[in-house]
Amino acid sequence: MNKIKFLYSIAFLFVLVTGCTKQDGIDSDLSFLNTVQSANLAKVFTISTDNSGVVKIAPTGEGVASYTVNFGHGTGSAASATFAPGNVTSHVYPEGSYTVSVLATDIAGKVTTTAYPLVVTYRAPETLAVSINQSLHDVKVSATALYAASYLVYFGDAVGEVGTPLAAGAELAHTYATSGNYSIKVVALSGGAAKTEKITVTKVTDAFGLPITFEQEFVNYFFGTFGGGQAFATVANPDATGLNTSAKVGKLTRGYESWSGTYSPLNTNIDFAAGKVIKVLVYNPDAALIGAKVNVELEWAVGGTPGNGVAVLKVPVTTSGAWEELVFDFSGISAIPATAKFTQLVLRFNDGTDGAGSIIYLDNFTLTN
């Protein structure tokens, strides 16, 4: 009896296993995968707005095993990228129009290709700021701007001028042949068609040194002041007769302190090899100041010899209401070397007393023997 039950059990298990294999389709037939396709494909372009040209591409879809993106720009391996779903690829585009192809491969190996138009437009540079450092005929130009890839500089001194390239963060130097007012144009380039430009009128000057006439438009007649109330200005000639008929002269107004005065760093040294006598035309409008002295002091000698305070001469005015010439002869100061060169001119007036407001007019500083 037990043997019969055992045989029945074996037969039942055979039928069960055979039936399950056929009903559940557990075999090597994978033809059903051919019916699976990627669906609902979409693309995502994220275009940078900083003129870098970077475009991020993140396609999405259902049932996709991998993506291949043909950028529509570039060559070789740089022209495409393959990646898994959920990832992002990027590419740098110049300004222009492109067709981006997205190839979506599903789990069955079927490829769906979709083309998308892409337009990359660079924005015009913003907040363009130009820095121009001018020293006589030499200028140095730099520029900054948001969204600028580079710059072009036009110095305004040539007909049909072609802009000189200026890299971001760099400085461009230029030397003018002659003094004058020049319109320096800086063009900020986006990397595409858009651009922004700025024009700055720059005064290019000649060297400041003796002779000093106050007549040259492109010389910067700088007379800095020290002492309270001290002033100096270029003004119209108060009496264009006699020794001085020029249109412009210098006006010195004495400060409160007896030591007040002016200082003028010079572009051209006062070279004693060319002469040791300085002549100055002066005009005293106040008879009460006859006898007051004009100081001419030479400072900051090249090489340091002589030191400041050595080359100092004081000469009194002898009249009022008319131009006269004062002579400052430094040849009598033995401590001054024959080849001394001075880089700064200092003027004082009536330095023996305190009190502000005394005025003296000066013109035509010359160096002679």
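Observations on the model:
- Within the set Ser150, Ser190, the sole residue that is in contact (Cβ under 8 Å) with a residue 12 or more places away in the chain, within 17 Å of Asn51 (Cα to Cα) and open to solvent by less than 30 Å² (accessible area, probe 1.4 Å) turns out to be Ser190.
- Filter pass, Pro117 being touching a Ser or Thr at 6+ places or on another chain (Cβ under 7 Å) and either free of Cβ contacts under 8 Å to residues at least 24 places away in the same chain or not charged (D, E, K, R) (or both): yes
- Which listed residue is free of Cβ contacts under 8 Å to residues at least 12 places away in the same chain and under 17 Å from Ser260 (Cβ atoms), from Asn295, Asn308: Asn308
- Checking Ala292, Ala236, Ala231 one by one, the residue that is open to solvent by 60 Å² or more (accessible area, probe 1.4 Å) and either over 35 Å from the mean Cα position of the chain (by Cα) or modelled with pLDDT of 95 or more (or both) is Ala236 and no other.
- Beta carbons closer than 7 Å, at least 6 apart along the sequence or on distinct chains, pair a first residue in region 256-277 that is open to solvent by less than 10 Å² (accessible area, probe 1.4 Å) with a second that is part of a loop (DSSP other than H, G, I, E, B) and basic (Lys, Arg) for Ser260/Arg254.
- Cβ separations smaller than 8 Å between residues 6+ apart or across chains give the following pairs from region 89-103 residues that are within 16 Å of Ala58 (Cβ to Cβ) and open to solvent by 60 Å² or more (accessible area, probe 1.4 Å) to residues that are of a type in the set (Val, Ile, Thr) and not in a loop (DSSP other than H, G, I, E, B): Ser90/Val54; Ser90/Val55; Ser90/Ile57.
- Pairs where the first residue, in region 315-344, is within 22 Å of Trp300 (Cβ to Cβ) and the second is of a type in the set (S, T, N, Q), C-beta under 6 Å, 6+ apart: Lys341/Asn269; Thr343/Asn269
- Whichever residue in region 108-126 is in a strand (DSSP E or B) and out of contact with any Phe, Trp or Tyr (no Cβ under 9 Å at 6 or more places or on another chain) and, among such residues, is farthest from Pro59 (Cα to Cα): Val111
The rows are residues; the columns are (1) open to solvent by 40 Å² or more (accessible area, probe 1.4 Å); (2) among the hydroxyl-bearing types (Ser, Thr, Tyr).
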| site | (1), (2) |
| --- | --- |
| Tyr122 | no, yes |
| Thr164 | yes, yes |
| Leu172 | no, no |
| Tyr176 | no, yes |
| Tyr182 | no, yes |
| Gly209 | no, no |
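- Verdict on Lys248 being more than 19 Å from Arg348 (Cα to Cα), surrounded by 19 or more Cβ atoms within 10 Å (Cβ to Cβ), modelled with pLDDT of 95 or more and of a type outside the set (A, V, I, L, M): no
- Those residues of region 49-67 which are surrounded by fewer than 17 Cβ atoms within 10 Å (Cβ to Cβ) and under 13 Å from Val88 (Cβ atoms), in sequence order: Val54, Lys56, Thr60
The values are calculated or read from the model by the stated rules, or taken from the named source; none is laboratory data. Since we're looking at a predicted model, the values are computed, not measured. Positions of Cβ are generated from backbone atoms using ideal geometry, with glycine treated the same way; all protein chains shown enter the neighbour counts. The accessibility values were calculated without ligands, DNA or RNA, using every heavy atom of the protein model including side chains. Shrake-Rupley method; radii C 1.70, N 1.55, O 1.52, S 1.80 Å.
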